[in-house]
1. Only sites in a loop by DSSP and with at most 12 other Cβ atoms within 10 Å count here; which trypsin sites (Lys or Arg not before Pro) in the range B:482-563 make the cut?
2. So what is the 222 nm mean residue ellipticity for chain B from helices alone, if each DSSP H run of at least 4 adds -39500 (n - 2.57) and you divide by all residues, rounding to the nearest 500 deg cm²/dmol?
3. Test of understanding: what is the full-extension gain from B:K596 to B:S646, defined as 0.36 nm times their sequence separation minus their Cα-Cα distance?
4. Roughly how far apart, in whole Å, are the Cα centres of the range B:287-335 and the range A:76-104?
5. Shielding by partners for B:621-627, please: the mean number of other protein chain Cβ atoms within 10 Å of each residue's Cβ.
6. What dipole magnitude, in Debye to the nearest 20, does the range B:387-473 give about its Cα centre under +1 on Lys/Arg Cβ and -1 on Asp/Glu Cβ?
7. Do any trypsin sites (Lys or Arg not before Pro) in the range B:345-427 lie in a loop, going by DSSP, with at most 10 other beta-carbon atoms within 10 Å of their beta carbon, and if so which?
8. Find how much the distance from B:I370 to B:R99 grows on full extension, using 0.36 nm per residue of separation minus their present alpha carbon separation; answer in nm with one decimal.
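Read-outs: derived from the displayed coordinates by stated rules, not from any lab. The shown structure was predicted, so the numbers you read here are calculated from the model rather than taken from an experiment. Here the Cβ positions follow ideal geometry from the backbone for every residue, glycine too, while neighbour counts run over all protein chains shown.
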Amino acid sequence: MQPTQDALVFIVDDDAGVREALAWLLRSRRLPSESFDSADEFVSFLNRNPNTAWTPNQPGCLLLDVRMPGLSGLALFEQLIERQLLDVLPVIFLTGHADVPTAVDAVKRGAFDFCEKPFSDNALVDRIEQALLRSAQTQAALKSKKTLQQNLSELTERERDVMRLVVEGLPNKLIADQLDISVRTVEVHRARVFDKMAVKSAVELANLMRRD
Amino acid sequence: MLVTLILSMFSVLLWLAGRYEASQVQTRLDRDASDATSDIRAALTRNAQTLQALQFAAADAPPWRQQASTVLRDHRELMRLEWRDSQLKTIQSVDTPYRAPVFKNFDRGVLQPEVAQACSIAKRQSSPAYSNSSYIPQSDGMGLEIMDVCLPVINDGQVTGYTLASYALNEILINQISPALLRSREISFTEADGTRLAVNGMQHRGSRLFTGVQLLDLPGHTMVLRVDSWRAAPDVFPNVLTALVMAMAMALVTVLIMLARDMRRRQQVELDLADALAFRKAMEDSLVTGLRARDNQGMITYVNPAFCEMVGFESKELLGHSMPAPYWPPEMIDEYGKRQALRLAGNLSSREGMESVFMRKNGERFAVLIFEAPLINAAGAQTGWMSAILDISEQRRVEEMSRASQERLQATARLATVGEMASLLSHELNQPLAAISSYATGSLNLLQDLGLHDKHLAQSLSSAIERIAQQAERAGKVIKSVHDFVRRRDQARESVSPKTLLDNVMPLVSLQARKLGVRVEVQCPADLPQVLCDRTMVEQVLLNLARNGMQAMNEDTPRKVLTLAVRRAASNATSRWLEFSVTDVGSGIDAQIAEKLFTPFFTTKSEGMGLGLSLCRTVVEQHGGLLSHTAHTPRGTVFSFTLPQS
């Protein structure tokens, strides 16, 4: 699974034994992880971001214990929702039996999954990998969207007009008529748009714009 | 007014009595005067006859003189007898032997005109006639008023001479008036103009003079007989009768006044008594405590309305009813009878209340609390017993209900505690089990990657590690099954209004609040929606938080108030929430303690298990809510939790 190569798993649990065991398990599956013994610590880690240990550019996943002293897992989850980080950082809840209803509710509200302790470990790791994949995909999408935005911002007013008509599928002649410029000028603009948007054909350009 | 009336009456009476007495005196005086007059007249007439007899013997001189002396000796009032001829020449004369001759120093001839006039009258009428009286001075310095009487001597129809007799007026008064008449009187002869001629009697001086006047009409001369009487006239108490009447009147008046005063006082007392009675009656009627009085034989002598209402009998059905009383349950009669006997013997002191069971008219039994006190009458003797009776059946019922509700909540609390312990145990055990399982799986993963040459060793190692994982999983399942068993009721969710939740815990909260002196305030808007929850467990949470809050307010808390409040909480798209909060104004929570607040088995109370808050959090989180606490300004703590709306 290529997208998980540079991924990072965050473990937030107050029980050192569980943290270490999970880290050991993930390492056995070649997944790097980072442990936090409380939700507060993870929040302060997030606040230190984005440019140090973890950036949203890197796929990630959060293993979160529901019940902890101080800031509870659920409260941290609410913060993540507020920061709109759930897509780039999928959350898998680790729960005891008692917290299952809470976890179910959390999943309804956007958590990736929950896993009851003691867990079937490889199944858990599989879910982690799926979460990392989702994270990677989301980030890639974000990245391309960002690129597109950047490319679009580089276009001039006239080039944007030309592009809009090209995407609509109009031939150069009609574009020239509509914009009241010469066909030659249209061709120059069109070549520049293709160049700036990093596409080779009008079809490719149309796909790119439709996804937006 | 009355006094004035009585005084004037008394004066009138006095005046009347005085007047009556005066008139009596006057009448008697008049009568006496009249008697005296007739006495005198009779005496004079008698004297005239005696003198007449003297005339008939006038044939020879010596016998006349002898007879005349005899007459003078017999009649002291006569001063002198003269025999005169028809020409009024004195033939013979004799003076009274009792005093010196009256005319010794006086010329008898001076009186000749008066004598002549009297004699001419006598001659004309052929009967004695009297002359006017004349004052004749005497040798002893005193004078005598002398009146002459002339009797004609008639022989053969011819007046041949006259017999003249001289009366001393005062001697007439002395000799011819009976002494009885003279007592305390003065009798006098006066002329018509009031000139006193002769006086006999005492010279009294008194405050009042009564005068009886009688005309003494003699032929030829008229005089007035005057009787004067002096009275110490009318005194304030003129006589015994008046005094008696007076005394009686005074006694009557006094009695009347006293009676009036007494009446007024009695009226006042009666009024006061009526007031006191009305007050007492109102008091008895307004009592909710039943009152019953019994005499020493156990007969009911008094019941108040509250007692009648309590037992359902009319007061007339109860009054006069002896033992066994109609409100005694039949099965208790023996016991009550014994108790009554004991009380009558004086062996039962019951200033403190005594619990008993009475029966209403409809047969319903109810518990009462009886206070007995002896009834002491005005003489200080005990006449019976007064009992105050309180109907405690309602109190009993409330106690019973509160106890039942408390028991139910306590049972739930025990169950919840067991559940919480199971939950904690499972959590605490699951952690190491999860670690074991993770290590096992990780080890297996590594083992496969390692690719050991010795296939057999690899096989047995991996199977052993797999078993470790399996056993850990099995232990987890056992814990889960225990937990599920205890938490079977987790699914019992229902829609309950927040008010119902608060109302259910209020009895127990108030009970403890009263004990700790805490005022409980409830803020629960009526328009709140219902919440979806396991109601018994949520009640436990409220109860736990309320109890913690009250215990957090220790003795030096100024005004102990515990506030239970419900409000709508911030909601997101998927669910709506209600926030319950329990606010105390106690000592607050230290940061150190706050850190460990939800840790199981952590407690600040000597007898606490340290599961209360942990349980609360579990319950709240099971409902998907959050339990949190913040400091309350100016002091104290707010615990709040959220529950989903249904």
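1. On the way: sites: B:R487, B:R488, B:R489, B:R493, B:K499, B:R514, B:K515, B:R519, B:R535, B:R547, B:R559, B:K560; in loops: B:R487, B:R493, B:R559, B:K560.
In loop regions of the range B:482-563 (DSSP not H, G, I, E or B), the sparsely surrounded trypsin sites (Lys or Arg not before Pro) are B:R559.
2. Details: 15 runs with 308 residues, N = 646.
Computed ellipticity for chain B at 222 nm equals -16500 deg cm²/dmol.
3. Details: separation 50, 0.36 × 50 = 18.00 nm, distance 3.28 nm.
Here the answer is 14.7 nm.
4. For the range B:287-335 versus the range A:76-104, the Cα centre distance is 74 Å.
5. Working: counts 9, 5, 3, 8, 3, 5, 1.
Across B:621-627, the average partner-chain Cβ count within 10 Å equals 5.
6. Values: 7 positive and 11 negative charges, 22 e Å.
I would put it at about 100 debye.
7. Numbers: sites: B:R351, B:R360, B:K361, B:R365, B:R396, B:R397, B:R403, B:R408, B:R414; in loops: B:R351, B:R360, B:K361.
Passing both the DSSP loop test and the Cβ count: B:R351.
8. Details: separation 271, 0.36 × 271 = 97.56 nm, distance 12.11 nm.
Separation in residues times 0.36 nm, less the Cα-Cα distance, equals 85.4 nm.
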